[in-house]
Structures are given as C-alpha cells and as structure tokens.
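Nothing in this text is a laboratory measurement; each read-out follows from the coordinates by a stated rule. What you see is a predicted model, and the numbers here were worked out from it, not measured in a lab. All Cβ positions, glycine included, derive from the backbone under ideal geometry; neighbour counts span all protein chains shown.
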Amino acid sequence: MNALAVVTGASSGIGYELAKVLADNAFDVVVVAEDERIDDAAAQIGLRSGGVHVEPVRADLRGYEGVEALVARLRAMGRPVDVLAVNAGVGVGGDFVRDTSLDDNLEIIDLNVRSAVHLTHRLLGDMVDRKQGKVLFTSSIAATAPGPFHSVYAASKAFLASFGQSLREELRDTGVTVTTLMPGPTDTEFFDRAGMQDTKVATGDKDDPEKVALQGFEALMKGDDHVVAASLKNKVQAVAGRVAPDPVKAKMMRTMTEPGSAEP
C-alpha cells in the first residue's frame with residue numbers, strides 16, 4: 001500500500017504543486033481546500049499520476065469544526081498519515097488600521113496559525129507513536145523581516161517558522177521530522193486575493209510554484225530543517241534577515257509592499 005500524504009490549501013498554487021509531486025512519487029494524497037476547485041484538482045492529479053489514490057476533501061479550516069471534520073475524515077480512512085503538508089494560508093495587504101478590517105486580520109490568524117496548530121496537534125501524536133512521519137510547514141521569506149502593509153500575514157508566517165523549528169527540536173529523537181518551506185514571491189493567486197496588485201512585490205519577478213514545491217518536497221524527504229525556495233534573491237534576503245536590524249528590514253520591506261509602490 002502506498003504511503004499517505006495530506007496537503008492543505010491544495011486547490012491551486014504551491015499546495016496543488018506539492019500534491020502533484022507527492023503523487024508523482026507514489027504517495028496517495030488527501031487534498032484539502034475550502035473551494036469547489038479541489039474536486040477538479042484531485043481529478044487532474046489522479047489522471048497524471050496513475051497508480052495512486054487522490055481524495056478531495058472540502059473543509060473550511062478557519063474554524064474549529066472544519067479542522068475537526070477533516071481529522072474525522074482522515075481517521076475514518078483507517079490509515080496512518082505519513083506526510084502532513086500544512087500549506088493553507090491567506091493574506092491581506094494594506095494599512096493595518098485604515099485599509100484592512102479586523103475580521104480580515106483575524107481570519108489570517110485563524111487559518112495561518114490556529115488551524116496549523118490544531119491540525120498538527122491532532123495528527124502528530126500518531127506519527128510519534130509510530131516513530132515515523134514527516135511534516136512540512138509552508139512559511140514564507142516574509143517571516144524573516146517585519147512586514148509593513150501585510151503585518152499580520154508576515155507575523156503569521158514568522159509564527160510558523162518558529163513553530164516548525166521548535167517542534168523539530170522537540171521531536172529530534174522520535175523518528176518524525178519537521179521541515180519549513182520558505183518561498184519568496186511566487187506566481188500564484190496570493191497577491192490578487194490579498195489585494196496587493198499595485199505593490200512592487202506583486203508586479204516584480206516571481207518564482208514558479210512547481211519549482212518551489214519540488215524544492216520543498218526534496219527537503220521534506222531528506223528531513224532538512226528548512227529550505228528557502230527558489231531563487232537566489234530569496235536566499236540573499238534570508239541571509240540579510242539574519243543580520244540586518246529590524247528597523248532597516250522594515251524600511252526595505254515597505255518599499256516592496258506599500259500600496260501604490262508598483263513600478264509605473
């Protein structure tokens with residue numbers, strides 16, 4: 001029987017590409033998203049990766065009930081989860097006080113932070129009991145610096161980076177590995193959905209989500225602690241994030257994320 005992987009946020013973008021590469025490497029995959037496109041995504045992945053089972057699950061992970069429903073569905077399958085890719089996330093751009101609503105910002109925390117903790121806590125115990133399993137968190141290069149004009153999103157990704165590294169150390173002798181994927185700007189729906197179309201970061205060069213996912217998969221399989229994907233620019237930013245003072249990094253990020261900062 002094939003090993004089983006679970007990928008959240010898998011209807012498009014990096015999550016979809018992660019599900020593809022897992023299926024291509026003989027994993028059965030449960031693909032999860034709140035939108036109806038997840039059914040088509042599962043069908044497409046199944047067709048191109050013969051010999052594996054791809055199961056779509058529609059679930060709104062922003063709420064407690066949605067996560068619990070997903071966990072119940074997984075347990076009803078009667079199979080251990082070998083890989084958990086916590087990829088679902090959302091962002092919103094703009095001035096925290098004047099442009100974005102409280103509800104939008106709390107939704108970021110609910111999906112990017114609360115659901116990640118909730119789902120991981122529910123599934124990780126079985127991995128530890130079996131002394132095997134792999135977890136991948138999709139963080140962001142945004143985690144390495146303060147994030148003006150997407151402040152809650154950047155903070156949520158910093159949480160995931162710290163959470164992943166902390167769990168990795170806790171689980172060091174258990175046979176379970178935790179890897180953090182840190183993409184830079186990627187050619188997905190993120191900037192449109194976040195309302196950041198008029199920013200410099202949204203209109204600049206972006207990485208191919210397929211390449212980002214492949215690098216994440218390779219790091220996951222090797223048990224690496226993290227991987228900065230995919231371009232050299234992202235790797236340079238990650239290094240700068242370790243040495244530059246936060247006020248300097250905040251000013252640099254502002255030039256990329258401030259509304260209206262797109263090149264004319």
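So here's what we get for this one:
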| item | result |
| --- | --- |
| Among L102, L123, L70: highest mean-square fluctuation, GNM of the chain, C-alpha pairs under 10 Å | L102 |
| Potential extension, D103-D39 segment - 0.36 nm per residue separation minus Cα distance | 20.2 nm |
| Counted charge near A42, where neighbours are those whose Cβ lies closer than 12 Å (Asp, Glu -1; Lys, Arg +1) | -1 |
| Other-chain or far-sequence residues with amide H under 5 Å of V30's (modelled H) | A5, V6, V7, E55 |
| Two-decimal ratio, the chain, of alpha-carbon radius of gyration to 2.2 N^0.38 Å | 0.97 |
| Longest segment of the chain lacking GluC sites (Glu not before Pro) that sit in a DSSP loop with at most 12 other Cβ atoms within 10 Å | 37-188 |
| Computed over the range 166-220: relative contact order in percent, which uses C-alpha pairs under 8 Å that are six or more apart | 37 percent |
| Extended-chain gain in nm, criterion 0.36 nm per residue less alpha-carbon gap, D173 and D95 | 23.7 nm |
| Derived scalar couplings ³J(HN,Hα) [the range 112-122; Karplus, 6.51 cos²θ - 1.76 cosθ + 1.60; whole Hz; x for Gly, Pro] | 6, 10, 4, 5, 5, 5, 4, 5, 4, 4, 5 |
| Residues K206, K211, sorted so that the one with the fewest Cβ neighbours within 10 Å comes first | K211, K206 |
| Gain in span if fully extended, A26 to H121, counting 0.36 nm per residue against the direct Cα distance | 31.6 nm |
| Net charge over other residues, Cβ less than 13 angstrom from the Cβ of M253 (K, R count +1; D, E count -1) | +3 |
| Estimated distance in nm for a label pair at A69 and H53, the labels positioned 7 Å out from Cα along Cα-to-Cβ | 2.2 nm |
| Between the range 166-184 and the range 127-157, the Cα center-to-center distance that results, in Å | 11 Å |
| The chain: relative contact order as a whole-number percent, Cα under 8 Å and 6+ apart | 19 percent |
| Listed pairs K200/K251; K20/K131; K211/K251; K20/K211 exceeding 20 Å between Cα atoms | K20/K131; K211/K251 |
| Between helix 64-76 and the chain: long-axis angle, C-alpha atoms, 0 to 90°, nearest 10 | 30 degrees |
| Nearest-ten-degree value, helix 151-170 long axis tilted from longest Cα axis of the chain | 40 degrees |
| In sequence order, calculated HN-Hα J values of the range 196-207 (Karplus, 6.51, -1.76, 1.60; Hz; x Gly/Pro) | 10, 4, 9, 9, 4, 5, 6, 9, x, 5, 10, 7 |
| Bins of 10 Å from zero: percent of alpha-carbon pairs in the range 92-150 | 18, 38, 27, 14, 4 |
| Angle between the chain longest axis and helix 13-24 axis [Cα atoms, degrees, rounded to 10] | 30 degrees |
| Candidates D99, D224, D110: whichever shows maximal mean-square fluctuation once the chain is modelled as a Gaussian network with Cα springs under 10 Å | D99 |
| Listed residues G125, G164, G13, most fluctuating in the chain (Gaussian network, C-alpha, under 10 Å) | G125 |
